[in-house]
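Please read through the structure below; I'll follow up with questions.
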Amino acid sequence: MSGQRSGRAGVHRRIGRNMTTPSNSIASPLAPQAIAPAALSETRPFYWSVRRELWENRSLYIAPLAVAAVYMIGFVISEVAPLELATVDPGNQRLTLAMPYGHAEWLLLVTGVLIGTFYSLDALHGERRDRSILFWKSLPVSDLTTVLSKVSIPLVVLPLLIFAITVTLEILMWLLSMAVLVMRGAGAATLWARLPLFQMELVNLYGLAVIALWYAPFYSWFLLVSGWARRAAFLWGVLPPLAIGVFEYIAFHTSYFGLLLKQRALGFAARAFDLKDKAGVPVDPHFIPLTQLAPGRFLSSPGLWIGLIVAAIFLVAAVRLRRYQAPI
């Protein structure tokens, strides 16, 4: 045993001399120091972190697909007795035809917001609960990259996923309606001419982007709570704002904080859309023309940028929190 220890000690001394002795040769471009940055960039840690979130959270796409499937089944049943377009006032035909598609868009949009909320509440909490945080922290991926990959799910990935599912669903609905009308010898040409499907998809994509940006403070707050709460993350995400509102009302008999939350939840509509046409008639939310979009006013809104700054503060806090948090 003493001979083995002395042998290992000799090996360690030789390794130490080799590491501390300066080399007179020119460093090879294939040295580890030269290829490390290139190898790190080729691994694309952010990209694979996002892919990991999709692998580990299959509900991100299973839930909206299930909602779309249920809606499609209901639409198929409704097509057993399709609407007679000839009985509809010509001025209301476009709105009548667009209404089922508008319902589908709103249903999937709300589904996306709910999925994004519950995902954010579990994004950091889940890896602490199942202790996988010990494994993920052992990888060469920074806390900043991890948190940004998680917040990109409700802000970028989920809206694009909801949009793709919505487009697929509405194309299937349109093809089914056309087939039924052709078999019945009815007004398929009216459906083709009066249903602006492409225009509706553009408005839907715009609306998804607006809501993602406007709700960024909510998602970031829930992500921060997910990294801090030891249990019941949903209650910790909801109860503190509610308690602040109740305290303000009891102490000062005002509701400024409640109005602020209401404005953050619903205020995007007045900033991103013209809710009335040129004649002053309110626009039906089931069909919003392209002319009613107001992207310039939305992007120049102080509320949008204040919300993004607040979201950035929450994300910075979440990064620092993850750096020092241990498993539950």
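The values are calculated or read from the model by the stated rules, or taken from the named source; none is laboratory data. Computed from a predicted structure; not experimentally measured. With ideal geometry, Cβ positions are generated from the backbone for all residues, glycine too; neighbour counts draw on all protein chains shown. Ligands, DNA and RNA are stripped out before the accessible areas are found, and what is left, the full protein with its side chains, is counted by its heavy atoms. Shrake-Rupley method; radii C 1.70, N 1.55, O 1.52, S 1.80 Å.
Assuming a ≥ b ≥ c are the square roots of the Cα gyration tensor eigenvalues, decide whether the range 117-183 counts as rounded (a/c under 1.5), prolate (otherwise, with a/b larger than b/c) or oblate.
It comes out prolate by the Cα gyration axes.
Quick one: what are the phi-derived ³J(HN,Hα) couplings along the range 162-172, Karplus 6.51/-1.76/1.60 with θ = phi - 60°, whole Hz, x for glycine and proline?
With coefficients 6.51, -1.76 and 1.60, one gets 4, 4, 4, 5, 5, 4, 4, 4, 6, 5, 5 Hz.
In whole Hz, what ³J(HN,Hα) sequence does the range 227-238 give by Karplus (6.51, -1.76, 1.60; θ = phi - 60°), x for Gly and Pro?
After applying 6.51 cos²θ - 1.76 cosθ + 1.60, I find x, 9, 5, 7, 7, 6, 4, 4, 5, 5, x, 9 Hz.
Also: What does the C-alpha gyration tensor say about the overall shape of the range 215-276? Classify as rounded when a/c is under 1.5, otherwise prolate if a/b is larger than b/c, or oblate.
Oblate, since a/c reaches 1.5 and b/c is not below a/b.
In nanometres, what is the gap between the two model label sites at Thr145 and Gln292, each 7 Å from Cα along Cα-to-Cβ?
A separation of 4.5 nm, rounded to one decimal place.
On a C-alpha basis, how far is the centre of the range 263-292 from the centre of the range 115-172 in Å? Whole number, if you could?
So the two Cα centres are separated by 31 Å.
Oh, and also: Setting aside same-chain residues fewer than 8 positions from Lys150, which lysines have a Cα under 29 Å from its Cα?
List returned: Lys137, Lys262.
Describe numerically, in nm with one decimal, the distance between label points set 7 Å from Cα along Cα→Cβ at Leu259 and at Ser132.
That separation, rounded to one decimal, is 4.5 nm.
Can you list the residues, at least 5 places off or on another chain, whose amide H is less than 5 Å from the amide H of Gln325, using H built in the peptide plane?
none
Ordering Leu172, Leu97 by accessible area with a probe of 1.4 Å, largest first, what comes out?
The ordering from most to least exposed comes out as Leu172, Leu97.
Taking a ≥ b ≥ c as the square roots of the eigenvalues of the Cα gyration tensor of the range 239-328, is the shape rounded (a/c under 1.5), prolate (a/b larger than b/c) or oblate?
The shape class here is oblate.
Which distance in nm do the two modelled labels at Asp274 and Ile328 give, with both placed 7 Å along the Cα-to-Cβ direction?
The answer from the label model is 5.0 nm.
Check which residues have an amide H placed less than 5 Å from Phe273's amide H, if you skip close sequence neighbours.
Correct list: Ala294.
Using the Karplus curve 6.51 cos²θ - 1.76 cosθ + 1.60 with θ = phi - 60°, what ³J(HN,Hα) values do you get for each residue of the range 59-75, in whole Hz, with x for Gly and Pro?
5, 4, 10, 6, 4, x, 5, 5, 4, 5, 5, 5, 5, 5, 4, x, 5
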